[in-house]
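Have a look at the structure below before the remarks.
The values are calculated or read from the model by the stated rules, or taken from the named source; none is laboratory data. Source: prediction; values computed, not measured. So basically every Cβ, Gly included, is an ideal-geometry build from the backbone, and we count neighbours across all protein chains shown.
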Amino acid sequence: MIVGLEGKLVSRAEDSAVLDVNGVSYCAQTSATTLAALGPPGDRIRLHTHLQVRDDSLALYGFATLDELKAFQLLISVSGVGPKVALAILSVMSPDRFALALTSGDTDAFGHVPGVGKKTAARIILDLKGKFEQDITPVRSIHEDVRLALMGLGYSASEAAIAAAGIPDAEDLTLEDKIRLALRHFAKTA
């Protein structure tokens, strides 16, 4: 089983990254959160991976953090939640925010996730409550607030995640300052 890859980032698409490991290229499907954490093509990166083996195919999923990998594996264990929906959830919610939604039973937290309605959110919470424990109490990060604010302005979850990931972690920046910096990202790409 492939549990991790380290190599040069060759390219990235909207939902995947191609990684060259000693001359062998691997395509790993990823969340927008992981894509935002990766550097530009040519950078050396490490992905924690999950290999899904089916009768007719192999699928590789890559994540920037172990917490995100753990959340993905828990999500796909829920009946009716496949890898595509799990990646959509992790593109909108950080592992900390996901853990917070589980522990608080907050079905509304899944409201911005395409393809996840109230019934699916309730099933996820019911099946996984208490299984995604972390050493620290999950806390909503300021980047999560920026991402949600950008989504409220009409940007897609992946666009918002990429813009929020480019914001520095300076303590002297207010939430409004960070939103302005994220909006500058869109001005540069336009």
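For the reader, a short list of remarks on this structure follows.
- Residue check for Leu5: crowded, with 19+ Cβ neighbours inside 10 Å and either of a type in the set (Asp, Glu) or not in a helix (DSSP H, G or I) (or both): yes
One line per residue, one yes/no per condition, for (1) touching a residue at least 40 places away in the same chain (Cβ under 8 Å); (2) within 24 Å of Ile124 (Cβ to Cβ); (3) among the acidic types (Asp, Glu):
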{"site": "Glu6", "(1), (2), (3)": "yes, no, yes"}
{"site": "Ala13", "(1), (2), (3)": "no, no, no"}
{"site": "Asp20", "(1), (2), (3)": "no, no, yes"}
{"site": "Val24", "(1), (2), (3)": "no, no, no"}
{"site": "Ala36", "(1), (2), (3)": "yes, yes, no"}
{"site": "Asp56", "(1), (2), (3)": "no, no, yes"}
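- Asp15 vs. criteria closer than 23 Å to Arg147 by Cβ, of a type in the set (Asp, Glu), under 17 Å from the mean Cα position of the chain (by Cα) and at pLDDT below 95: yes
- Those residues of segment 81-102 which are modelled with pLDDT of 90 or more and small (Gly, Ala, Ser), in sequence order: Gly82, Ala86, Ala88, Ser91
- Filtered by the rule that a residue be without any contact (Cβ under 8 Å) to a residue 60 or more places away in the chain and either crowded, with 18+ Cβ neighbours inside 10 Å or of a type outside the set (Ser, Thr, Tyr) (or both), segment 58-73 gives Leu58, Ala59, Leu60, Tyr61, Gly62, Phe63, Ala64, Leu66, Glu68, Leu69, Phe72, Gln73.
- Within segment 103-190, helices (runs of 4 or more DSSP H) holding 2 or more residues that are more than 21 Å from Ile76 (Cβ to Cβ) and modelled with pLDDT of 85 or more: 175-189
- Among the criteria (1) over 27 Å from Leu148 (Cα atoms); (2) touching a residue at least 12 places away in the same chain (Cβ under 8 Å); (3) surrounded by fewer than 21 Cβ atoms within 10 Å (Cβ to Cβ), the one His50 does not fulfil is (3).
- Residues located in segment 77-101, provided they are over 14 Å from the mean Cα position of the chain (by Cα) and surrounded by fewer than 21 Cβ atoms within 10 Å (Cβ to Cβ): Ser77, Val78, Ser79, Gly80, Gly82, Leu100
- Restricting segment 34-90 to residues that are polar (S, T, N, Q) and part of a loop (DSSP other than H, G, I, E, B), the residue that is nearest to Ile162 (Cα to Cα) is Thr65.
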